[in-house]
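Taking it in order: structure first as structure tokens, then the write-up.
The values are calculated or read from the model by the stated rules, or taken from the named source; none is laboratory data. Remember, predicted model here, so these are calculated numbers, not experimental data. Here the Cβ is made from the backbone with ideal geometry for all residues, glycine too, and neighbour counts use every protein chain on show. The protein model used for the area step is the full one, side chains on, heavy atoms only, and it has no ligands, DNA or RNA in it. Shrake-Rupley method; radii C 1.70, N 1.55, O 1.52, S 1.80 Å.
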Amino acid sequence: GEEVAQTPKHLVRGEGQKAKLYCAPIKGHSYVFWYQQVLKNEFKFLISFQNENVFDETGMPKERFSAKCLPNSPCSLEIQATKLEDSAVYFCASSPPWGNQPQHFGDGTRLSIL
Amino acid sequence: AQSVSQHNHHVILSEAASLELGCNYSYGGTVNLFWYVQYPGQHLQLLLKYFSGDPLVKGIKGFEAEFIKSKFSFNLRKPSVQWSDTAEYFCAVIVKAAGNKLTFGGGTRVLVKP
């Protein structure tokens with residue numbers, strides 16, 4: 001598609017439950033990025049993929065967070081045993097395989113942990 | 001670690017006023033610079049970008065930004081704002097030596113009064 005598609009738009013989970021977010025990048029884009037925005041403040045980089053390979057995971061919390069980009073499937077970000085502090089909007093972005101191209105963002109998934 | 005600072009958290013101005021939003025970054029090497037805008041309830045949209053060449057960059061909707069390398073700055077300007085420019089504006093940087101992830105500033109919320 002021509003837009004980065006994120007699902008669901010809103011996700012509510014009780015503390016300790018699992019949360020799974022999905023992202024379909026723009027067709028032809030080979031880079032996928034996940035960012036976390038807490039309380040409408042700064043965007044924090046989590047992880048990026050080049051096709052199905054992890055490209056940069058320096059922002060991923062060591063525990064509970066995992067992500068995948070498998071062929072012919074939406075990319076996913078999964079949080080195990082969620083905590084209140086995981087409440088945030090999670091944005092996915094994608095960019096083309098050639099250099100010096102901006103990232104295109106999805107609408108985000110608002111995750112609320114109760 | 002690199003950082004991006006946006007000096008103004010909130011700006012309120014009237015239609016037809018001029019707008020300038022400050023952005024400074026802390027990394028001395030090669031950078032790509034971006035301004036994104038987030039209208040209420042929408043996803044991040046790219047306003048303009050700088051990769052190389054002319055340091056004065058023109059973007060969409062009448063916005064422009066000037067890269068001043070000696071000041072590590074990339075300030076955003078618009079000569080005459082409209083009510084529809086009410087939004088949150090984010091400056092972002094890619095440090096080439098650190099991969100292709102975006103490092104964002106804290107954002108500036110702009111309210112244009114009709």
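Observations on the model:
- When residues in the stretch B:75-114 are screened for being in a loop (DSSP other than H, G, I, E, B) and either more than 9 Å from chain A (Cβ to nearest Cβ) or open to solvent by 10 Å² or more (accessible area, probe 1.4 Å) (or both), 10 of them pass.
- Matching residues in the stretch B:61-74 - criterion: being open to solvent by 60 Å² or more (accessible area, probe 1.4 Å) and either free of Cβ contacts under 8 Å to residues at least 40 places away in the same chain or under 14 Å from the mean Cα position of the chain (by Cα) (or both): B:Lys61, B:Glu66, B:Lys69, B:Ser70, B:Phe72
- Qualifying residue in the stretch B:29-36 (condition: small (Gly, Ala, Ser) and modelled with pLDDT under 95): yes
- Taking residues in the stretch B:43-60 that are facing another protein chain (nearest Cβ under 8 Å) and under 25 Å from A:Gln37 (Cα atoms), and partners anywhere that are part of a strand (DSSP E or B) and of a type in the set (Ser, Thr, Tyr), the pairs with Cβ atoms closer than 6 Å and at least 6 places apart or on different chains are B:Leu44/B:Tyr36; B:Leu46/B:Tyr36.
- The number of residues in the stretch A:88-111 being open to solvent by 40 Å² or more (accessible area, probe 1.4 Å) and touching a residue at least 12 places away in the same chain (Cβ under 8 Å) comes to 4.
- Qualifying residues in the stretch A:16-40 (those that are more than 12 Å from the chain's Cα centre (by Cα) and polar (S, T, N, Q)) - the one nearest to A:Pro102 (Cα to Cα): A:Ser30
- Filter result for A:Phe49 (touching a strand residue (DSSP E or B) at 6+ places or on another chain (Cβ under 9 Å), open to solvent by less than 80 Å² (accessible area, probe 1.4 Å) and part of a strand (DSSP E or B)): yes
- Condition check for A:Tyr31: open to solvent by less than 60 Å² (accessible area, probe 1.4 Å) and in contact (Cβ under 8 Å) with a residue 24 or more places away in the chain: yes
- Output for the stretch A:62-87, where each listed residue is open to solvent by 10 Å² or more (accessible area, probe 1.4 Å) and either on the phi > 0 side of the Ramachandran plot or part of a strand (DSSP E or B) (or both): A:Arg64, A:Phe65, A:Ser66, A:Ala67, A:Lys68, A:Asn72, A:Ser76, A:Glu78, A:Ala81
- Among residues of the stretch B:10-42 being of a type in the set (Ser, Thr, Tyr), within 14 Å of another protein chain (Cβ to nearest Cβ) and part of a strand (DSSP E or B), the one that is most open to solvent (accessible area, probe 1.4 Å) is B:Tyr25.
- Yes/no for A:Ser73 being closer than 14 Å to A:Cys23 by Cβ and free of Cβ contacts under 8 Å to residues at least 12 places away in the same chain: yes
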